[in-house]
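Data first, discussion second: the structure below is written as structure tokens.
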């Protein structure tokens with residue numbers, strides 16, 4: 001290497017940065033001991049800003065474009081260096097390239113559930129997560145407040161702080177909005193705007209612009225979600241008394257179609273279904289009546305129930321309606337042995353006054369063809 005090449009190698013005459021990463025915010029041009037040649041070419045690409053710093057003090061800032069460095073386009077540095085009458089010799093300065101593109105899909109989320117007070121459910125815990133995007137709005141301010149003289153400043157070095165701002169201030173804004181918990185999922189755009197307006201000023205304080213804040217999910221504790229699912233199921237069912245009758249009718253049909261159970265199964269199914277419909281219908285009517293009027297209605301009288309001996313085995317207890325259905329199907333007659341609470345022993349059904357109406361209503365056998 002000749003003397004001229006050695007001298008030439010000590011001067012920098014081209015300054016630029018080609019960003020090959022997707023997470024670098026600040027890049028310090030590697031000047032080391034070399035001096036910048038007056039008249040050097042500075043290239044600042046789109047989505048970049050070049051900041052010249054002299055002994056830790058921010059000097060000139062260059063927007064995208066190509067520059068030939070001179071005292072005319074470096075007025076602050078010229079003043080700091082004392083170049084009052086122009087200067088053509090090499091000089092030393094730190095050059096920082098700042099990426100001004102958007103850094104998208106930055107994740108945020110609550111590490112622990114956030115306690116909020118809801119008008120309908122009272123104190124409740126929520127979890128939330130989503131993403132946000134930001135970009136540099138004031139390169140000099142960000143250098144001074146955050147990155148300092150770091151030669152290569154990446155997203156990870158500031159992301160934790162930004163996430164903490166998003167969660168703490170965002171959840172505070174969510175609580176102040178007083179949007180009901182059940183309406184949060186349907187109003188994510190509105191909630192996102194509320195949180196954005198809350199945390200955007202804090203991003204601006206360090207030279208950043210919050211360009212997007214998205215909520216991907218707001219969730220309740222599993223046990224609360226399970227309770228809400230049950231509540232939703234009850235709302236879908238609607239009239240529980242009618243639903244119970246529908247279920248009883250299905251049970252009766254299944255019993256009648258079961259060959260193993262025969263007519264006995266059909267009779268028992270019919271009797272039990274009728275009893276259940278009557279009891280459940282009365283119970284829900286009373287409940288609705290009490291709820292609508294606010295008056296105290298006395299409970300209905302106890303339902304009389306009998307046990308029936310079938311093939312030496314005890315079955316039941318059965319209500320009068322169930323026994324009536326069994327009598328129609330031929331599975332219960334006046335000679336069947338019955339017992340109820342208070343009886344000393346098993347007696348024929350015809351001896352019980354409550355059962356007399358059943359046999360009076362049973363039609364005689366059809367005539368033989």
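The values are calculated or read from the model by the stated rules, or taken from the named source; none is laboratory data. Quick caveat, the model's predicted, so the values are computed rather than measured. Note: ideal-geometry Cβ built from the backbone for every residue, glycine included; neighbour counts use all protein chains shown.
Is it the case that the stretch 94-104 has a residue that's closer than 27 Å to residue 187 by Cβ, assigned to a strand (DSSP E or B) and under 17 Å from the mean Cα position of the chain (by Cα)? No, because not a single residue in the stretch 94-104 is closer than 27 Å to residue 187 by Cβ, assigned to a strand (DSSP E or B) and under 17 Å from the mean Cα position of the chain (by Cα). Scan the stretch 69-84 and tell me whether some residue there is outside any strand (DSSP E or B), touching a helix residue (DSSP H, G or I) at 6+ places or on another chain (Cβ under 8 Å) and assigned by TED's automatic domain parsing to the domain that holds residue 183. The answer is no; no qualifying residue exists. Restricting the stretch 112-128 to residues that are loosely packed, with under 15 Cβ neighbours inside 10 Å, in contact (Cβ under 8 Å) with a residue 40 or more places away in the chain and part of a strand (DSSP E or B) leaves a set whose member that is farthest from the chain's Cα centre (by Cα) is 117. May I ask you to verify whether residue 141 is outside any loop (DSSP other than H, G, I, E, B) and surrounded by 20 or more Cβ atoms within 10 Å (Cβ to Cβ)? Against the criterion (outside any loop (DSSP other than H, G, I, E, B) and surrounded by 20 or more Cβ atoms within 10 Å (Cβ to Cβ)), residue 141 does not qualify.
To keep it simple, each residue is scored yes or no on (1) closer than 30 Å to residue 29 by Cβ; (2) assigned by TED's automatic domain parsing to the domain that holds residue 55; (3) out of contact with any helix residue (DSSP H, G or I) (no Cβ under 6 Å at 6 or more places or on another chain).
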site: 119; (1), (2), (3): no, no, yes
site: 136; (1), (2), (3): yes, no, no
site: 149; (1), (2), (3): yes, no, yes
site: 183; (1), (2), (3): no, no, yes
site: 205; (1), (2), (3): yes, no, yes
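May I ask you to verify whether residue 277 is touching a strand residue (DSSP E or B) at 6+ places or on another chain (Cβ under 9 Å), surrounded by 13 or more Cβ atoms within 10 Å (Cβ to Cβ) and at pLDDT below 85? When the stated conditions are applied, residue 277 does not pass them.
Being under 29 Å from residue 63 (Cα atoms) and either within 32 Å of the chain's Cα centre (by Cα) or surrounded by 15 or more Cβ atoms within 10 Å (Cβ to Cβ) (or both) is a property that holds for residue 155.
Within the stretch 179-191, restricting attention to residues that are in contact with a strand residue (DSSP E or B) (Cβ under 9 Å, 6 or more places away or on another chain) and not in a helix (DSSP H, G or I), the residue that is farthest from residue 116 (Cα to Cα) is 184. For the stretch 327-346, a residue qualifies if it is closer than 11 Å to residue 359 by Cα and either in contact with a strand residue (DSSP E or B) (Cβ under 6 Å, 6 or more places away or on another chain) or surrounded by 18 or more Cβ atoms within 10 Å (Cβ to Cβ) (or both), and the qualifying residues are 327, 332, 335. Any residue at all in the stretch 56-65 that is loosely packed, with under 13 Cβ neighbours inside 10 Å and in contact with a helix residue (DSSP H, G or I) (Cβ under 8 Å, 6 or more places away or on another chain)? There is at least one residue in the stretch 56-65 that is loosely packed, with under 13 Cβ neighbours inside 10 Å and in contact with a helix residue (DSSP H, G or I) (Cβ under 8 Å, 6 or more places away or on another chain).
Among the conditions (1) outside the structural domain of residue 63 (by TED's automatic domain parsing); (2) touching a strand residue (DSSP E or B) at 6+ places or on another chain (Cβ under 9 Å); (3) loosely packed, with under 15 Cβ neighbours inside 10 Å; (4) under 20 Å from residue 59 (Cβ atoms), residue 89 misses just one, which is (1).
Taken as a whole, the structure places residue 161 among residues that are free of Cβ contacts under 8 Å to residues at least 24 places away in the same chain and not in a loop (DSSP other than H, G, I, E, B).
In this structure, residue 109 does not qualify as assigned by TED's automatic domain parsing to the domain that holds residue 71, surrounded by fewer than 18 Cβ atoms within 10 Å (Cβ to Cβ) and in contact with a helix residue (DSSP H, G or I) (Cβ under 9 Å, 6 or more places away or on another chain). Tell me, please, whether a residue that is touching a helix residue (DSSP H, G or I) at 6+ places or on another chain (Cβ under 9 Å) and under 17 Å from residue 140 (Cα atoms) can be found in the stretch 30-41. Looking through the stretch 30-41, none of the residues is touching a helix residue (DSSP H, G or I) at 6+ places or on another chain (Cβ under 9 Å) and under 17 Å from residue 140 (Cα atoms).
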